[in-house]
Each structure stands twice: as structure tokens, then as C-alpha cells.
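The values are calculated or read from the model by the stated rules, or taken from the named source; none is laboratory data. Since we're looking at a predicted model, the values are computed, not measured. Cβ atoms come from the backbone with ideal geometry, glycine included; neighbour counts cover every protein chain shown.
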Amino acid sequence: MDLGIRGRKALVCAASKGLGRACAMSLAREGVDITIIARTAGPLEATAEEIRKASGVTVTAVATDITTPEGRALALEACPSPDILVNNAGGPPPGDFRDWDRDDWVRALDANMLTPIELIKATVDPMMERGFGRIVNITSAAVKAPIDILGLSNGARAGLTGFVAGLARKTVRHNVTINGLLPGPFDTDRLHATLKAVADKAGQPAEEVARERAEGNPAGRFGRPEEFGEACAFLCGVHAGFITGQNILLDGGAFPGTL
Ligand code: NAD
């Protein structure tokens with residue numbers, strides 16, 4: 001299927017690895033010129049080169065922290081008027097809410113709620129004026145089924161999801177959609193770091209914990225980042241113009257509800 005977005009411009013945040021990288025790769029393969037952001041220059045530039053080689057599109061890499069005002073300014077300087085915005089950042093640390101103070105909450109809200117809102121604010125009006133825009137927020141399956149130790153993530157991402165639910169109904173008339181993609185367990189560095197922490201605590205080998213978790217998913221495996229990237233690209237395509245304000249779970253069927 002031709003997604004009809006060849007020649008468009010995308011800003012993909014937190015994209016040197018994992019899900020952000022996969023979204024950038026899938027969009028690039030559709031002929032979209034890409035600006036990717038991550039904090040560390042080396043891995044980011046390596047990813048940019050891989051995407052260029054795989055797709056032939058223009059890839060601009062900006063090494064900065066997207067959760068800071070300076071980082072967002074640099075990202076928007078490199079890609080001032082994206083047609084496609086993929087919001088993403090590292091997730092907040094797990095823990096017990098009794099140990100979190102106001103600064104912990106502000107950091108989580110800054111990264112996983114206010115950064116995407118700031119980037120939407122900076123880009124959505126020009127998208128509406130041009131009559132095309134696609135915004136995808138990478139959140140988490142925890143938005144639908146909260147995980148107790150991820151309270152900072154549950155709270156911040158729920159805030160973003162609530163805000164977007166209102167705005168997404170205002171932009172769609174101008175062919176600008178805003179949706180959430182909710183990853184369950186995807187085979188990325190972050191998942192393996194989390195599983196290693198679980199394994200260390202339980203005194204079990206990390207590979208064993210990973211195998212058990214994968215086996216416990218209805219699909220019998222973790223998600224592949226490429227699957228996530230392709231879902232993102234579809235949401236960013238011309239055929240997805242009637243999908244807005246949705247939160248799409250990619251979890252191999254782990255959430256047990258009918259809806
Ligand atoms: P990952 O650790 O594999 O990759 C994260 C990427 O984000 C890296 O490129 C890193 O450099 C970049 N990054 C992190 N913080 C940044 C910042 N402040 N500024 C710029 N770049 C930054 O992680 P992932 O698995 O791809 O996860 C992406 C998001 O999805 C995270 O918010 C994570 O919490 C969420 N998530 C992931 C899973 C999963 O199973 N992988 C499940 C649920 C939610």
C-alpha cells in the first residue's frame with residue numbers, strides 16, 4: 001500500500017534506538033524526509049546513516065535532550081514545519097509513590113506530558129493551515145492497564161492522553177490527526193533493562209525472566225520494533241485521515257478486555 005506521504009517531513013523524537021528508531025525507519029521507507037532526535041551523538045548518527053542507506057531520504061540528526069526547552073528549540077530549528085510529528089522520550093523510572101517528591105513528578109510530567117504538548121503547540125497550527133498533519137504520541141500500554149510501580153508513567157501519560165482527546169477532535173476537520181500508540185512489551189533496550197532489574201531482584205538469570213515473559217504473552221513473544229514502526233507509518237499515511245483521538249494498543253493481545 002502506498003501511504004501517500006512521499007516528500008513529507010517528519011520530526012521523530014527519541015529515535016536513535018527502539019520504538020522511535022523503528023518509526024523513523026518505516027516513515028523513511030515511505031519516502032518521508034526525517035529529522036531524528038536523541039541525546040547521544042554517536043548512536044544517533046549511526047542510526048541516521050542506517051536510515052539513509054535503507055531509504056535514500058534526507059535524514060537530519062540532532063543530538064539533544066527533547067525534554068528541555070533548548071532541546072525542543074534545536075529540534076524545531078532543524079525541522080521547523082513538520083508534516084508528521086512522532087512524540088517520544090524515555091520513560092520515567094519505576095518505584096513506590098511514597099518515595100517520589102514534587103521534583104520527581106515534575107521531571108516525569110515534563111518528559112512524558114508537557115514535552116509532547118509543547119511540540120504539538122509549536123507545529124499543529126501550520127499543519128492545519130497546510131491541510132495535512134499527522135501526530136503520533138508513543139505512550140504505553142500502562143495508559144490502558146496501569147502498572148503500579150510505573151506510577152510516574154501512568155500519571156504523566158494519562159495527562160497527555162486526556163489533553164489530546166480534546167484537541168484531536170478540533171484538528172481533524174483540517175486533516176490533522178492526533179493519536180496515541182500504546183506499546184506493550186517490545187523487544188528494545190528499555191524492555192531488557194527493565195527485565196534485568198526484575199531478574200536481579202528475583203535472583204534469576206535475565207534470559208530466563210525474558211523467556212517466561214515472552215511465553216506469557218498471548219502471542220508467545222515480544223513485539224518487534226519494526227511492527228510498531230509500520231503501525232506508526234500507517235497512522236501517518238493519507239489513508240488514516242479518519243482516525244483521530246484514538247489510543248491503539250500493540251501488545252500481542254495481553255490486555256484481556258473485549259474493547
Ligand atoms: P529505548 O530505551 O530502546 O529507546 C529510547 C530512545 O529514546 C533512545 O534513542 C534514547 O536515546 C532516546 N531518548 C530517551 N530520552 C530522551 C530524551 N530526553 N531526549 C531525546 N532522546 C531521548 O526505549 P523504547 O523501548 O523504544 O521506549 C520508547 C518509549 O516507549 C519510552 O517512553 C518507554 O517507556 C515506552 N514504552 C516502551 C515499552 C517497550 O516494551 N519497549 C513498553 C511500554 C512503553
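Here's a check for you: in region 209-225, which residue that is crowded, with 16+ Cβ neighbours inside 10 Å and under 22 Å from V12 (Cβ atoms) is farthest from the chain's Cα centre (by Cα)?
Per the stated criteria, the residue is F222.
So that you can scan it fast, the table gives a plain yes or no per residue for (1) more than 20 Å from A233 (Cβ to Cβ); (2) in contact with a Lys or Arg (Cβ under 7 Å, 6 or more places away or on another chain); (3) at pLDDT 95 or above:
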| residue | (1), (2), (3) |
| --- | --- |
| A61 | no, no, yes |
| R72 | yes, no, yes |
| N88 | no, no, yes |
| P94 | yes, no, no |
| F97 | yes, no, yes |
| L109 | yes, no, yes |
| T123 | no, no, yes |
| F132 | no, no, yes |
| F163 | yes, no, yes |
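Out of I37, I66, I51, I5, I need the residue that is β-branched (V, I, T), over 20 Å from P116 (Cβ atoms), free of Cβ contacts under 8 Å to residues at least 60 places away in the same chain and buried (at least 20 other Cβ atoms within 10 Å of the Cβ). Which one?
After ruling out the rest, the residue left standing is I51.
Any idea which residue in region 232-249 is farthest from V12 (Cα to Cα), counting only those that are among the hydrophobic types (A, V, I, L, M, F, W, C) and assigned to a loop (DSSP other than H, G, I, E, B)?
Step by step, filter region 232-249, then rank; the result is F242.
Among the candidates I37, I66, which residue alone is modelled with pLDDT of 95 or more, among the aliphatic types (A, V, I, L, M) and assigned to a strand (DSSP E or B)?
I37
Kindly list the number of the only condition in (1) surrounded by fewer than 18 Cβ atoms within 10 Å (Cβ to Cβ); (2) of a type in the set (K, R); (3) out of contact with any Pro (no Cβ under 8 Å at 6 or more places or on another chain) that fails for R107.
Answer for R107: the failing condition is (3).
If only one of A14, A10, A22 is closer than 28 Å to V172 by Cβ and in a helix (DSSP H, G or I), which one is it?
A22
Which number in (1) surrounded by 16 or more Cβ atoms within 10 Å (Cβ to Cβ); (2) small (G, A, S); (3) part of a helix (DSSP H, G or I) marks the one condition that A73 misses?
Only one criterion in (1) surrounded by 16 or more Cβ atoms within 10 Å (Cβ to Cβ); (2) small (G, A, S); (3) part of a helix (DSSP H, G or I) is unmet by A73, namely (1).
All but one of (1) of a type outside the set (G, A, S); (2) in contact with a helix residue (DSSP H, G or I) (Cβ under 7 Å, 6 or more places away or on another chain); (3) surrounded by 22 or more Cβ atoms within 10 Å (Cβ to Cβ) hold for T171; state the number of the condition that does not hold.
The single condition T171 does not satisfy is (3).
Right, T177: closer than 26 Å to M127 by Cβ, hydroxyl-bearing (S, T, Y) and out of contact with any Asp or Glu (no Cβ under 7 Å at 6 or more places or on another chain) or not?
The answer is yes for T177.
Taking region 22-48 as the region of interest, how many residues are over 17 Å from L235 (Cβ atoms) and near the ligand (Cβ under 9 Å from one of its atoms)?
Matching residues across region 22-48 total 8.
Take the conditions part of a helix (DSSP H, G or I), within 16 Å of the ligand (Cβ to nearest atom) and among the basic types (K, R) and apply them to R190. Does it pass?
yes
Could you go through region 177-197 and let me know if any residue there is modelled with pLDDT of 95 or more, more than 20 Å from P256 (Cβ to Cβ), in contact with a Ser or Thr (Cβ under 6 Å, 6 or more places away or on another chain) and of a type in the set (S, T, Y).
For region 177-197, residues modelled with pLDDT of 95 or more, more than 20 Å from P256 (Cβ to Cβ), in contact with a Ser or Thr (Cβ under 6 Å, 6 or more places away or on another chain) and of a type in the set (S, T, Y): present.
Looking only at residues that are away from the ligand (no atom under 12 Å from the Cβ) and of a type in the set (K, R) in region 193-220, which one is farthest from I178 (Cα to Cα)?
Step by step, filter region 193-220, then rank; the result is K201.
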